[in-house]
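Novice: Could you have a look at this structure, given as structure tokens, before my questions?
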Amino acid sequence: MSNKINIPRICFLLIITMLTGACGQFIHQPMLPRRATIGPESPAKKLLQDLPRPKEKIITAVYKFRDQTGQYKPSETGSNWSTAVTQGATTILIRALEESGWFVPIERENIGNLLNERKIIRTSRVQYEGDKNSESLLPPLLFAGVILEGGIISYETNILTGGGGVRYMGVDLSGQYREDRISIYIRAVSTSNGQILKTVYTTKSILSQEISTGLFRYITPKRILETETGFTYNEPTEMCVTEAIEKAVESLIIEGVRDNLWATQHPQDTTSTAFTNYWKEKQWNYEVGSLKHKKEDRIRGLLCMGFQAGSNSYSGDYAKSEQKPKASLSLGIALNRYLYIEPEFGIRELIIKNKIDDKAYFSDLSMRLLLRPFNKLSPYVSIGGGIDFNLKSQNVGLTQEKYIPQLSGLIGLEYMVSRKLGISLSSGINYYLNDKFDGIRVGRYNDFAWGVSMGMKLYLFNLK
């Protein structure tokens, strides 16, 4: 091995490694101290402030609105007594009530401090002013018509986890993610009779992501170059709690207006964009699963017509092969939402350099299983069988079969561009049931062809 070091190549690999792994975050590292700034706002705050004005503000008390999950932060090194979510949810809720413009929050969380201060005021006036009736000069406390109760009632971890990576010639790139979720419940209680007027519920996901890349290479037999970089992003839990609480206050206002608990300044405000969008979201919520993936009940029809095109290559008793094109047409019928039976007819070409130049028709009958048929994006698997009919074969001194039976299987992804049109990407294998494709029989396994394809399908007649 040569001892000469290829400096330009090494520099190029290092630059690519750093840029690929860290992306934009690498150049935004906090190298200097950062000054205090106004706290960031969540998207839900803008929606809350855009609500129509109330006919009359509601005087509201909040005694306790805290973490009821009992969750602690996960730790890989031992016990961790830090809580997973903020313990200051009461303060967050009071601020959301205040900035909504619909409520007049009054102090109740630390009512003892307020009463003690008022007592000091009264005592000071009696002592220095000599007026024993000075208590009447101190205005009475406001009383609430509504008490808000509830809290953070759920913190679920690892709702979704996943990742991926690739490593080639000492260079690796990998990424992984995790999604957690918090749930907020708020209930409004009437102080006049204790009736629970309304209960609302919101959730917010918490996303964590990590991307890393590295380089490991022998520069000389005794010198190793190793480098790595990456970044991790954890969505702030406090901001997620804030957004969920602000969304819950919005829900409380709009649903309270519908139930005539309170009213907007103008009756026509109930048809405003804010109210309309909320009810659309509410309806959409009935049509999704717990992971907030919409179930499209009427996509993918009873019949489907498809066209696929791609490339395939031979794998068998000869080592050398080339990528060659293939194309096919298919017609399918649904047995149920998940399962389609599909006959397919097409043409393909396979080449073994200096041995076989083969062009053939093929026909298959397969079963296609959609793993998530109610979603626009669905993985699927397909298995079936058929036959190859050799249309043109240039076989150099070998005996090749004209008709070769085969088994087929593939995996793929299908995305519905509309309710009737889908595009797909798949990879599969055609395994011949005898070892005569290349004219010789060697080894335990038969010859086979494999490749990748892209296609589209048109679905007709909606399934009920």
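The values are calculated or read from the model by the stated rules, or taken from the named source; none is laboratory data. Treat the numbers as computed from the prediction; the structure is a model and nothing was measured. Counting neighbours? That spans all protein chains shown, and the Cβs are built from the backbone with ideal geometry, glycine included. The area values use the complete protein model at the heavy-atom level, side chains included, leaving out ligands, DNA and RNA. Shrake-Rupley method; radii C 1.70, N 1.55, O 1.52, S 1.80 Å.
Novice: Specify the residue that is nearest to Phe345 (Cα to Cα); the eligible residues are those in segment 294-322 that are at pLDDT below 80 and open to solvent by 70 Å² or more (accessible area, probe 1.4 Å).
Specialist: Glu322
Novice: Looking at Glu243, Glu250, which one is open to solvent by less than 30 Å² (accessible area, probe 1.4 Å), modelled with pLDDT of 90 or more and in contact with a helix residue (DSSP H, G or I) (Cβ under 9 Å, 6 or more places away or on another chain)? Steps first, please.
Specialist: Working: Glu243 fails: open to solvent by less than 30 Å² (accessible area, probe 1.4 Å).
Going through Glu243, Glu250 in turn, the sole match is Glu250.
Novice: Something else: Say we look at segment 360-384 and pick out the residues that are out of contact with any His (no Cβ under 8 Å at 6 or more places or on another chain) and of a type in the set (S, T, N, Q); which of these is surrounded by the fewest Cβ atoms within 10 Å (Cβ to Cβ)?
Specialist: If we take residues in segment 360-384 being out of contact with any His (no Cβ under 8 Å at 6 or more places or on another chain) and of a type in the set (S, T, N, Q), then Ser363 is surrounded by the fewest Cβ atoms within 10 Å (Cβ to Cβ).
Novice: List the pairs whose first member sits in segment 228-254 and is without any contact (Cβ under 8 Å) to a residue 24 or more places away in the chain, whose second member is open to solvent by 10 Å² or more (accessible area, probe 1.4 Å) and not in a helix (DSSP H, G or I), and whose Cβ atoms are under 7 Å apart, counting only residues at least 6 apart or on separate chains?
Specialist: Nothing qualifies.
Novice: Let me ask another. Between Ile196, Ile152, which is open to solvent by less than 40 Å² (accessible area, probe 1.4 Å) and at pLDDT 90 or above? Lay out the reasoning, then the answer.
Specialist: On the way: Ile196 fails: open to solvent by less than 40 Å² (accessible area, probe 1.4 Å).
Matching residue, one of Ile196, Ile152: Ile152.
Novice: Taking Glu117 and the conditions (1) at pLDDT 90 or above; (2) surrounded by 11 or more Cβ atoms within 10 Å (Cβ to Cβ); (3) acidic (Asp, Glu), which numbered condition does it fall short on, given that it satisfies the others?
Specialist: Exception for Glu117: condition (2).
Novice: On to the next question. Considering every residue within segment 248-266, establish whether at least one is out of contact with any strand residue (DSSP E or B) (no Cβ under 7 Å at 6 or more places or on another chain), more than 30 Å from Glu98 (Cβ to Cβ) and not acidic (Asp, Glu).
Specialist: No, that holds for no residue.
Novice: Would you check if Ala327 is in a strand (DSSP E or B), modelled with pLDDT of 90 or more and at negative phi? Steps first, answer last, please.
Specialist: On the way: in a strand (DSSP E or B): yes; modelled with pLDDT of 90 or more: yes; at negative phi: yes.
Yes; evaluated as a whole, the condition is true for this residue.
Novice: Quick one: count up the residues across segment 36-61 that are open to solvent by 90 Å² or more (accessible area, probe 1.4 Å), of a type in the set (Val, Ile, Thr) and either closer than 25 Å to Arg108 by Cα or part of a strand (DSSP E or B) (or both).
Specialist: 0
Novice: Continuing with this model, one more query. Taking the stated definitions as given, is Val85 closer than 30 Å to Glu243 by Cα, at pLDDT 90 or above and open to solvent by less than 40 Å² (accessible area, probe 1.4 Å)?
Specialist: On the way: closer than 30 Å to Glu243 by Cα: yes; at pLDDT 90 or above: no; open to solvent by less than 40 Å² (accessible area, probe 1.4 Å): yes.
Answer is no for this residue.
Novice: May I pose another question? Restrict the check to segment 143-157 and report whether at least one residue is farther than 29 Å from Asn234 by Cβ and among the polar types (S, T, N, Q).
Specialist: Looking for residues that are farther than 29 Å from Asn234 by Cβ and among the polar types (S, T, N, Q), one finds none in segment 143-157, hence no.
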